[in-house]
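Input: a single structure, listed below in structure tokens.
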Amino acid sequence: MRATRLYAPTLRETPAEAEVKSHQLMLRAGMIRKAAGGLYTYMPLAWRSLKKIMQIIREEMDAAGGQEIAMPIVQPSEIWKETGRWSVYGDEMFRVADRHGREFCLGPTHEEMVTTLIRDEVRSYKQLPLMLYQIQNKYRDEIRPRFGLMRGREFIMKDLYSFDKDEEGMNESYKIMYDAYTRIFSRMGLEFRPVEADNGAIGGGHSHEFTVLAEAGESNIAYCTKCDYAASDEKAELTVIKAPEEEQRALEKVSTPEAHTIELVAKCLNLPLDRTIKAVAFQDDKEELILAFVRGDHDVNDVKVVNLFDESIELHMATDEAIEEAGGVPGFMSPIGLKEGTRVVVDATVMEMYNACAGANEKDMHYINVNPKRDFKDVIVADIRMIKEGDACPHCGAPVKMTRGIEAGQVFTLGTKYSQSLHATFLDENGKEKPLVMGCYGIGVSRTMAAAIEQNNDENGIIWPRAIAPFEVVVVPINGKNEEQLKIAEEIYNDLKAKGVDALLDDRKDRAGVKFKDADLIGYPLRITVGPKSVDEDSVELKVRRNGEMVNTTRAEAAAKAVEMLKAL
Ligand SMILES: [Zn+2]
């Protein structure tokens, strides 16, 4: 490809509407243009990158036993009514009516479609397992589409559905997909973690999110510095920390004037935070109180608190009145002396403390020498704290680190949720009718491209991993009007093509500075520069976009050297 024929209008200024790096850079690099909120045209550079991402996905899905199909984007409402999701999906679903007034939607996902596709024709266990996938546009009418391709209303997705005869088979399919996803994200050259995830509304058993590590990510994840454990902060399980055993002293009330936060209490009594117990008061949707207690240096994970009771409840901070009604004093709470029947949850680590400090349920007063095992009555003990940097990995005990990430793929086991509601059954070895056991596996293709940019950029632009770069190498003659330079550049470009390298020849007549700026902005992994030295001394320069490393070689050797250097990019 020649730059004079490439449609990639670059922008020098950062468009005001773009809040995140990937959105800014894709607009500036001429990769995407907005059609309407959350709807974008992929221009040639973006489409080249997307095709490479899709190719890697296809190869791995096919190798794992998947078969590619293409289902309609427009889906009839009837199948969604069968599972009950037509009403629960709400305003996020794009709904359309045909000329007869029949209702349809633009597919946000395809569980209904694929299950009804096979339910009449998969009849026997002999036809299982079965894995079907597609790569196509999906639609979600986001209330506030933003962040460019990260949260669009139309996006490209790969979705695969597995059908097995039993749970064992489903788990095997899950493992196969998990491994395929690991290969996909590795081959794309991205730093990622499979994160144990909350299964959320989709239901079923286990789930992992394949998270691309990036500062702009919306999920907080904890990962082990030694083993491959990683989990979202909401989900991360924690081991109980046992304080060294001490002789239990008698409970004593002490004055702590105005010390209504745990930091002030610790300061007032000259105690380290990990010798104090702090309270967080919640109320649920029915305004009923839940008091949660964690060690002073820990935080309450409200998702874990919710899961202890009823996953459908929502918590908000309790009012002072509600706390007082239960016999508590805001700012000076403890489980000691509350009204009977108050729901109190204590973190398991708190129960292992000795001679700690906690509120006295009396204004400006705290207890010292609190020994939870002795002093706390009728409390629920559970892991309710939020993981933080330095906590022990639940698998191997090494310290964890915190990072942020972008969810680019997710694998789920669905069980029989959809096959039961859609009556997709088969006959097993004994001729017994059973529902198919399913899994679903998604990758946000356009989102992955955005995530790759979020992870790989600097002040000058994008830094593509080679495998998904729109072009692997750009060849830049410094003076595009100089026939000799142009000729050498052309030779190298042809050599690269002959070696199967995806190269771009920047044959524009623009100044060198403009071409270099564009090369950095678009982020080709390798730049080959042809200048006066190439003409006079047979020396061309190869420059790595990621680290600025420069190598000089002859024009005859340039393509071979580029191939060698690309291996590491
Ligand atoms: Zn570990």
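What is the distance in Å between the Cα centroid of segment 86-132 and that of segment 457-479? One Cα centre to the other: 41 Å. Centroid-to-centroid, using Cα positions, segment 380-425 and segment 220-293 are 23 Å apart. Which pairs break 18 Å Cα to Cα here: Lys51/Lys567; Lys52/Lys158; Lys304/Lys363; Lys339/Lys377; Lys253/Lys363; Lys21/Lys401? Distance filter (> 18 Å) returns Lys51/Lys567; Lys304/Lys363; Lys21/Lys401.
Which value, in debye to the nearest 20, gives the size of the charge dipole of segment 422-482 about its Cα centre, when Lys and Arg are +1 and Asp and Glu are -1 at the Cβ?
Its charge dipole is roughly 180 debye.
Counting only lysines at least 8 places from Lys533 when in the same chain, those with an alpha carbon closer than 24 Å to its own are Lys481, Lys487, Lys497, Lys509, Lys515, Lys517, Lys543, Lys561. Computed over segment 340-470, the Cα gyration tensor eigenvalues convert (square root of 5λ each) into semi-axes of 46, 33, 14 Å, ordered from largest to smallest. Please work out, to two decimal places, the log10 of the ratio I(q)/I(0) at q = 0.21, 0.25 Å⁻¹ from a Debye calculation in which every Cα of segment 471-566 carries one identical scatterer. With no solvent term, the Cα-only Debye profile gives -0.99, -1.45.
Picking from Ala498, Ile56, Gly480, whose Cα lies most toward the positive end of the charge dipole for the chain (charges on Cβ: Lys, Arg +1; Asp, Glu -1)? So the residue we want is Gly480. Working ranking of peptides 474-483, 494-503 by packing, defined as the average number of other Cβ atoms within 10 Å per residue, highest first, is 474-483, 494-503. Within the full protein context, the accessible area of Thr261 is estimated at about 50 Å² for a probe radius of 1.4 Å. Separation of segment 152-182 from segment 1-80 is 22 Å, based on Cα centroids.
Kindly give Rg over Rh for the chain, based on alpha-carbon atoms, with the Kirkwood expression for the hydrodynamic radius.
Reported Rg/Rh (Cα atoms, Kirkwood Rh): 1.07.
Accessible surface comparison of Glu433, Glu352, probe 1.4 Å, protein chains only, largest first: the order is Glu433, Glu352. Its Cα gyration tensor gives segment 260-329 an equivalent ellipsoid. The semi-axes, each the square root of 5 times an eigenvalue, are 25, 15, 7 Å from largest down. Accessible surface ranking for Cys393, Cys227, Cys268, 1.4 angstrom probe, highest first: Cys268, Cys227, Cys393. Ranked from largest to smallest solvent-accessible area, with a 1.4 Å probe on the protein heavy atoms, His423, His23, His316 come out as His423, His316, His23.
Every Cα-Cα pair of segment 348-420 was included, and the share exceeding 21 Å stands at 59 percent.
For q values of 0.18 Å⁻¹, compute log₁₀ I(q)/I(0) with the Debye formula on a Cα-only model of segment 1-77, without solvent. Each listed q corresponds, in turn, to -0.90.
Taking each residue as 0.36 nm, the span from Thr14 to Arg249 lengthens on full extension beyond its C-alpha to C-alpha distance by 78.2 nm.
Electrostatic tally near Arg343: other residues with Cβ closer than 10 Å to its Cβ, Lys and Arg +1, Asp and Glu -1, net -3. Net charge in the neighbourhood of Met113 (other residues with Cβ under 13 Å of its Cβ; Lys, Arg +1, Asp, Glu -1) is -2.
Once the Cβ-Cβ distance of Glu78 and Asp120 is raised to the sixth power relative to R0 = 22 Å, the FRET efficiency obtained is 0.90.
Estimate the FRET efficiency between Arg144 and Arg102 by the formula 1/(1 + (r/R0)^6), using the beta-carbon distance for r and 22 Å for R0, to the nearest 0.05. Efficiency for this residue pair is about 0.15. The relative contact order of the chain comes to 17 percent, based on Cα pairs under 8 Å that sit 6 or more residues apart.
For segment 252-382, what D do you get in µm² per second when you plug the Kirkwood radius from alpha-carbon pairs into Stokes-Einstein at 25 °C and 0.890 mPa s?
My calculation gives 169 µm²/s for D.
Candidates Ser87, Gly548, Val514 compared by Cα position along the dipole of the chain: farthest toward the positive end lies Val514, with charges placed on Cβ. Between the helical axis of 555-566 and the longest alpha-carbon principal axis of the chain there is an angle of about 20 degrees.
Would you calculate the volume per residue, in Å³, of the smallest convex hull containing every Cα atom of segment 158-244? All intermediate terms of the calculation are to be shown ahead of the outcome.
Numbers: hull volume 14.3 nm³, N = 87.
Spelled out: Cα convex hull of segment 158-244, divided by residues, is 164 Å³.
About its Cα centre, the chain has a charge dipole of approximately 2320 debye under the convention of +1 per Lys or Arg Cβ and -1 per Asp or Glu Cβ, with nothing else charged.
Using the Cα gyration tensor of segment 510-562, with a ≥ b ≥ c the square roots of its eigenvalues, what is the shape: rounded (a/c below 1.5), prolate (a/b larger than b/c) or oblate (neither)?
Oblate is the answer for segment 510-562, as a/c is 1.5 or above yet b/c matches or exceeds a/b.
If the viscosity is 1.306 mPa s and the temperature 10 °C, what translational diffusion coefficient in µm²/s does Stokes-Einstein give for segment 301-369 when Rh comes from Kirkwood over Cα pairs? Diffusion coefficient, whole number: 118 µm²/s.
A Cα-only calculation for segment 285-326 places Rg and Dmax at 11.1, 30 Å.
Here the Kirkwood formula, the inverse mean of 1/r across different C-alpha pairs, assigns segment 43-142 a hydrodynamic radius of 15.7 Å.
Per residue of the chain, what 222 nm ellipticity follows from adding -39500 (n - 2.57) for every DSSP H run with n ≥ 4, rounded to the nearest 500?
Dividing the helical sum by the residues of the chain leaves -8000 deg cm²/dmol.
Note on segment 252-382: with charges restricted to the Cβ of Lys and Arg (+1) and Asp and Glu (-1), its dipole about the Cα centre is near 680 debye. Dividing the Cα radius of gyration by the Kirkwood radius, what Rg/Rh value follows for segment 132-291? Value, to two decimals: 1.11.
The values are calculated or read from the model by the stated rules, or taken from the named source; none is laboratory data. For clarity, every value in this text was computed on a predicted model and none was experimentally measured. When we count neighbours, we look across all protein chains shown, and the Cβ atoms used for this are built from the backbone with ideal geometry, even at glycine. We work out accessible area using only protein heavy atoms, side chains counted, and drop any ligands, DNA or RNA first. Shrake-Rupley method; radii C 1.70, N 1.55, O 1.52, S 1.80 Å.
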